[in-house]
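Structure record follows, encoded as structure tokens.
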Amino acid sequence: MTTVSVVTPSGKVGADVELPGEIFAAKVNIPLMHQVVVAQEAAARQGTHATKTRGEVRGGGKKPYRQKGTGRARQGSIRAPQYAGGGIVHGPVPRSYVQRTPKKMKAAALRGALSNRTSHGRVAVVSAFIEDGEPSTAGALMVLRTAVGEAGARLSRSVLVVVTGDDAVARKSLRNVPRVRVLDAGQLNTYDVLACDHVVFTQAALAEFVARTGAGDLVTVDKPAKPARSAKAAAEPAEDAEEPAARSARSARSAKAAAEPAEDAEEPAEDAEEPAAKPAKPARSAEDAEDAEEPAAKPARAARSARSAAAGEDEPAAKPARATASRARKPATASATEPADDAAAGEAPPAVKRRSSGTSRKSASSDGGAAQKEEE
């Protein structure tokens, strides 16, 4: 159910009224409402239109001229349809435009129209428009503007006011107001609801309409009255006035407590500098880099062994140095230097024995040339 506040003649909001869901929250069937509105407008037509045929028009009994010999078309009367003042062919005749509309269709269309206005918040309820027994257009219009929510002196939207049949004061007060249509609760229909933007019920008219439609009695919910404040409750504000000072002191303490986490937040910042010092470990790896450079120095020893081989030894003496260079990670460096010492001592490696005689002759010739250079 939808609850609507009742507006009093003083302009204040009174009790609340529950609108029955069977009427104000029903399904909106637009084609049904269109059919009912068309039938309602058609039933409003009088249907008294009529025209006269050539048999009903005055005059024209004599033949205008003879049948033959004139060369003109034959004519029998000057009141024929083709003559001015003659009869009308197939003209309108009096008839009724009433369409048959079942009562259930009318009731369903009215429920749909009221539900549409309720869903948009355009249904209001007033207790009465005039408190006194005398009609007053100004007073009734003020209550109507409050119910509708209009602030101007004139209504910007059309309003349908539903009153009871015996409420002559409200009818006389609002019958001359522009954009206001006043109806009895028994005359409420779909066309008038859709033709107006707002629907305003008096509380008595709404109860009568709800009872007529069979939705039960109108439910009124009274707002609980505010309890009167005792003398003790009146004295409490003085005590509450002291609380802001205490609250300000608490807020100062909370501000101080909020500043302490900020100091604690600085310590993690100092600790955060320690990870920056950790990258110094790669400096230690520089020593490893120096150790890693030793394999680069070993080829120099291999170059010395190559010189000694040029002095009187064969080339294969340098190969063990290359093999030791690939094993730079091993700590034993004496094995890499042993082939060079053996080459200096003049001992030939076992690999020389495997070479052919041509290679030995070449080495012998190279040894003889070296000896001649030494003698010179």
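The values are calculated or read from the model by the stated rules, or taken from the named source; none is laboratory data. As the structure is a computational prediction, the values presented were derived from the model and not from experiment. Here the Cβ is made from the backbone with ideal geometry for all residues, glycine too, and neighbour counts use every protein chain on show. Side chains included, ligands, DNA and RNA excluded: accessible areas come from the protein's heavy atoms. Shrake-Rupley method; radii C 1.70, N 1.55, O 1.52, S 1.80 Å.
Across region 10-19, the qualifying residues are those that are more than 22 Å from ALA109 (Cα to Cα) and touching a strand residue (DSSP E or B) at 6+ places or on another chain (Cβ under 8 Å), and the one among them that is least open to solvent (accessible area, probe 1.4 Å) is VAL17. When region 1-15 is filtered for residues that are aliphatic (A, V, I, L, M), in contact with a Ser or Thr (Cβ under 6 Å, 6 or more places away or on another chain) and assigned to a loop (DSSP other than H, G, I, E, B), nothing remains.
On the given criteria, is GLU22 open to solvent by 30 Å² or more (accessible area, probe 1.4 Å), closer than 30 Å to ALA128 by Cβ and of a type in the set (D, E, K, R)? For GLU22, the condition - open to solvent by 30 Å² or more (accessible area, probe 1.4 Å), closer than 30 Å to ALA128 by Cβ and of a type in the set (D, E, K, R) - is met. Filter region 183-201 down to the residues that are surrounded by fewer than 16 Cβ atoms within 10 Å (Cβ to Cβ) and under 40 Å from the mean Cα position of the chain (by Cα) and list them by number. Correct list: ALA195 only. Within region 16-50, being assigned to a loop (DSSP other than H, G, I, E, B) and within 21 Å of PHE201 (Cβ to Cβ) holds for PRO20, ALA25, ALA26, VAL28.
The residues of region 189-217 that are touching a helix residue (DSSP H, G or I) at 6+ places or on another chain (Cβ under 6 Å) and either acidic (Asp, Glu) or under 26 Å from GLU150 (Cβ atoms) (or both), listed by number, are THR190, TYR191, VAL193, LEU194, HIS198, VAL199, VAL200, ALA205, GLU208, PHE209. The set of residues from region 51-85 being more than 27 Å from ARG95 (Cα to Cα) and among the β-branched types (Val, Ile, Thr) comprises THR70, ILE78. Among all positions in region 202-209, there is no residue which is under 39 Å from the mean Cα position of the chain (by Cα), at pLDDT 60 or above and open to solvent by 70 Å² or more (accessible area, probe 1.4 Å). In region 25-59, the residue that is surrounded by the fewest Cβ atoms within 10 Å (Cβ to Cβ) out of those that are farther than 30 Å from SER77 by Cβ and among the small types (Gly, Ala, Ser) is ALA44.
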